[in-house]
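Colleague: Before we start, here is the structure in question, set down as structure tokens.
The values are calculated or read from the model by the stated rules, or taken from the named source; none is laboratory data. Predicted, not measured: the structure shown is a model, and the values here were computed from it. Methodologically, a virtual Cβ is constructed for each residue, glycine included, from the backbone with ideal geometry; neighbour enumeration extends over all protein chains shown. Accessible surface is based on the protein model in full, side chains and every heavy atom, while ligands, DNA and RNA are left aside. Shrake-Rupley method; radii C 1.70, N 1.55, O 1.52, S 1.80 Å.
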Amino acid sequence: QVQLVESGGGLVQSGGSLRLSCAASGRIFFRFYVMGWYRQAPGKQRELVATITSGGSTNYADSVKGRFTISRDNAKNTVYLQMNSLKPEDTAVYYCNVDPAVTGYWGQGTQVTVSS
């Protein structure tokens with residue numbers, strides 16, 4: 001069984017910053033997986049916003065490129081998402097998962113709300 005627990009969300013004004021964390025536990029060899037941050041806004045499908053390989057290579061959705069930074073600490077089984085210059089359209093529930101996502105790994109997510 002694998003648990004992914006997201007934290008760090010909150011309410012922030014447009015232009016502000018937040019740092020999300022995702023701690024993995026259970027039957028997962030964390031260091032070998034590509035990890036991703038996903039988000040789901042109200043009425044929209046869940047989308048992948050950033051990924052990081054076991055070696056630290058990163059990739060970003062165009063909508064967050066230059067504003068978000070994904071990182072990982074394999075010793076702590078944790079992946080992070082630093083979000084800067086936040087916009088109201090970044091408002092969503094943010095989740096982490098492996099890439100490609102495994103259905104059974106979804107956690108509760110963490111709510112990010114950006115006010116204008």
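Colleague: Applying the Karplus parametrisation 6.51 cos²θ - 1.76 cosθ + 1.60 with θ = phi - 60° to the phi angles of the range 59-65, what ³J(HN,Hα) value in whole Hz is obtained for each residue in order, glycine and proline being reported as x?
Modeller: 8, 9, 5, 4, 5, 10, 4
Colleague: Using a 1.4 angstrom probe with every protein chain in place, what is the largest-first accessible-area order of T103, T51? Show your work: numbers first, answer last.
Modeller: On the way: T103 115, T51 20 Å².
Largest accessible area first, the list is T103, T51.
Colleague: Now for a different question. Karplus couplings for the range 81-90 from phi (6.51 cos²θ - 1.76 cosθ + 1.60, θ = phi - 60°), rounded to Hz, Gly and Pro as x?
Modeller: 9, 8, 10, 10, 6, 5, 10, x, 6, 7
Colleague: Summing Lys, Arg as +1 and Asp, Glu as -1, what charge do residues with Cβ under 12 Å from the Cβ of F30 carry, F30 excluded? Could the numbers behind the result be given before it?
Modeller: On the way: positive: R27, R31, R72, K76; negative: D73.
Summing Lys/Arg as +1 and Asp/Glu as -1 gives +3.
Colleague: Per residue, how much accessible area does the chain have with a 1.4 Å probe, in Å²? Spell out each step's value before the answer.
Modeller: Numbers: 6180 Å² over 116 residues.
Roughly 53 Å² per residue, with all protein chains present.
Colleague: What fraction of the Cα pairs in the chain, stated in percent, has a spacing above 24 angstrom? Please report the intermediate quantities before stating the final value.
Modeller: Numbers: 1180 of 6670 pairs.
Tail fraction, whole percent: 18.
Colleague: Also, quick follow-up: So which trypsin sites (Lys or Arg not before Pro) in the range 38-116 end up in coil per DSSP with only 13 or fewer other C-beta atoms within 10 Å? Spell out each step's value before the answer.
Modeller: On the way: sites: R39, K44, R46, K65, R67, R72, K76; in loops: K44, R46, K65, R67.
Loop-located and lightly packed - K44, K65.
Colleague: Would you work out the relative contact order for the chain, in percent, from Cα pairs under 8 angstrom that are 6 or more residues apart?
Modeller: Details: 274 pairs, mean separation 42.6, N = 116.
Relative contact order here is 37 percent.
Colleague: State the percentage of accessible surface on the range 19-58 attributable to carbon and sulfur atoms; use a 1.4 Å probe and exclude ligands, DNA and RNA.
Modeller: Details: 1130 of 2330 Å².
Using a 1.4 Å probe with all protein chains present, the range 19-58 comes out at 48 percent carbon and sulfur.
Colleague: If you scale each eigenvalue of the Cα gyration tensor by 5 and take the root, what three semi-axes come out for the range 47-90, rounded to whole angstrom and sorted largest first? Can you show the working numbers first?
Modeller: Working: eigenvalues 84, 25, 12 Å².
The three semi-axes for the range 47-90 are 21, 11, 8 Å.
Colleague: Would you work out which of Y33, S57, V12 lies farthest towards the positive end of the dipole of the range 5-89? Charges go on Cβ: Lys and Arg +1, Asp and Glu -1.
Modeller: Y33
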